[in-house]
Amino acid sequence: MAPFEHIRLTRDGAIARLILNRPARLNALIRPMQAELATALDLLEAEPPQVLILTGEGRGFCAGQDLTERYPQIAAGEAVHLGASLTQTYNPLIRRLNALPCVIIAAVNGVAAGAGIGLALTADIILAARQARFLMAFGKVGLGPDAGVSWALPERIGSRRALALALTGGRIDAQTALDWGLVWALHDADDLAAATQELALALVAGSAQAQRAAKQLLREKAPSLDAALARESACQDALGHTDFYRAAVLAFAAPKPAR
Ligand code: LHQ
């Protein structure tokens, strides 16, 4: 696919892979990388895969914002405008990843810090290497949570845990992330890529329409039981017309020849 410097985007049938590729900096985010991610999103939105794998090159997943990027400005005593950086780059990135109709698997191969946690949280399913850790680095540098973390983390692990992590700048190891429901499964580092691929292949063998519907129903929470029931009915009505459903019913329920 497109030639990038700080990321890689590859495609293999219905599976796309978006790899953060600044391993020497644990894939910390810089402006040109954000620009490349925006281009990658253009491509993914134009032709959505059924499954998108999001991972990092090297021993880190993503160390958040690259703290050296603003050093020259701050050292020179100039003001920095983080709000503008968020509204122009981070917020659209998080919003666009969340809006993708495909299933997103984050394969968290190492540390996810600050905005790196926000990226992982855009995934529908998070797999992690046993030595991965999630570091709420924001507070340590005098910032509050961003990149969607204030919204998505409490939703995954509960508001008290999320707040305590934010206040202390705490880190949780992969096992705790699993115990708290942030991560779906842990794998040995050497097995993570294969396990991710296996999950992706299992997903592409399923119905893309059903996965899209499940994602919509479960991620955009209905305001009431009645609203949820109505949305479920509309979804099933559409899914009942799909080839996948009809073929599955025929295969399961067709009369078997007498033995
Ligand atoms: C890094 C970074 C990094 C640059 C490791 N930057 N080089 C804020 C502002 C604006 C808008 C958007 O959002 C945000 C939100 C944020 O993301 S704020 C949080 C920013 N991230 C951090 O504060 C994490 C800083 N990094 C660390 O605390 C450690 O590096 C961790 C705990 C991630 C990993 O520790 P180690 O495994 O011991 O690795 P290391 O520290 O040796 O890092 C390896 C290299 O990567 C090293 O460079 P070097 O040249 O010495 O080998 C680090 O300087 C570099 N690196 N994170 N964010």
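Below are the figures for this structure:
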quantity	calculated
Residue (of ALA14, ILE105, PRO92) at the positive-pole extreme of the range 7-204, dipole from beta-carbon charges	PRO92
Segment ARG219-ASP237, length gained on full extension (0.36 nm per residue, minus Cα span)	4.5 nm
Relative packing of 13-22, 111-120, 31-40, which averages over residues the other C-beta atoms within 10 Å, highest first	111-120, 13-22, 31-40
The range 7-204, accessible area per residue, ligands and nucleic acids excluded (1.4 Å, Å²)	45 Å²
Counted charge near ASP66, where neighbours are those whose Cβ lies closer than 13 Å (Asp, Glu -1; Lys, Arg +1)	+3
Formal net charge of residues neighbouring GLN34 (Cβ-Cβ distance under 11 Å; K, R +1; D, E -1)	-2
Heavy atoms of ASP146: accessible area, 1.4 Å probe, square angstrom to 10	40 Å²
Over the chain: helical MRE at 222 nm, DSSP H runs n ≥ 4 each giving -39500 (n - 2.57), nearest 500	-13500 deg cm²/dmol
Solvent-accessible area, 1.4 Å probe, carbon plus sulfur percent, for the chain	58 percent
Surface accessible to a 1.4 Å probe, GLU57 within the full protein complex, Å²	70 Å²
Highest to lowest packing among 157-164, 249-256, 87-94, scored as the average C-beta count within 10 Å	87-94, 157-164, 249-256
ARG156 versus GLU5: modelled label distance in nm, points set 7 Å from Cα along the beta carbon direction	3.0 nm
Protein-only accessible surface order, largest first, of CYS102, CYS235 at 1.4 Å	CYS235, CYS102
Gap separating the Cα centres of the range 117-189 and the range 25-42, nearest whole Å	21 Å
Rounded to the nearest 10 Å², the accessible area of PHE4 at probe 1.4 Å	50 Å²
Dipole in debye (nearest 20) - the chain, about Cα centre, beta carbon charges: Lys, Arg +1; Asp, Glu -1	380 debye
Residue-normalised accessible area of the range 208-253, given per residue in Å² at a 1.4 Å probe	78 Å²
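The values are calculated or read from the model by the stated rules, or taken from the named source; none is laboratory data. Because the structure is predicted, anything quoted here is derived from the model rather than measured. Here the Cβ is made from the backbone with ideal geometry for all residues, glycine too, and neighbour counts use every protein chain on show. With ligands, DNA and RNA removed, areas are computed over all heavy atoms of the protein, side chains included. Shrake-Rupley method; radii C 1.70, N 1.55, O 1.52, S 1.80 Å.
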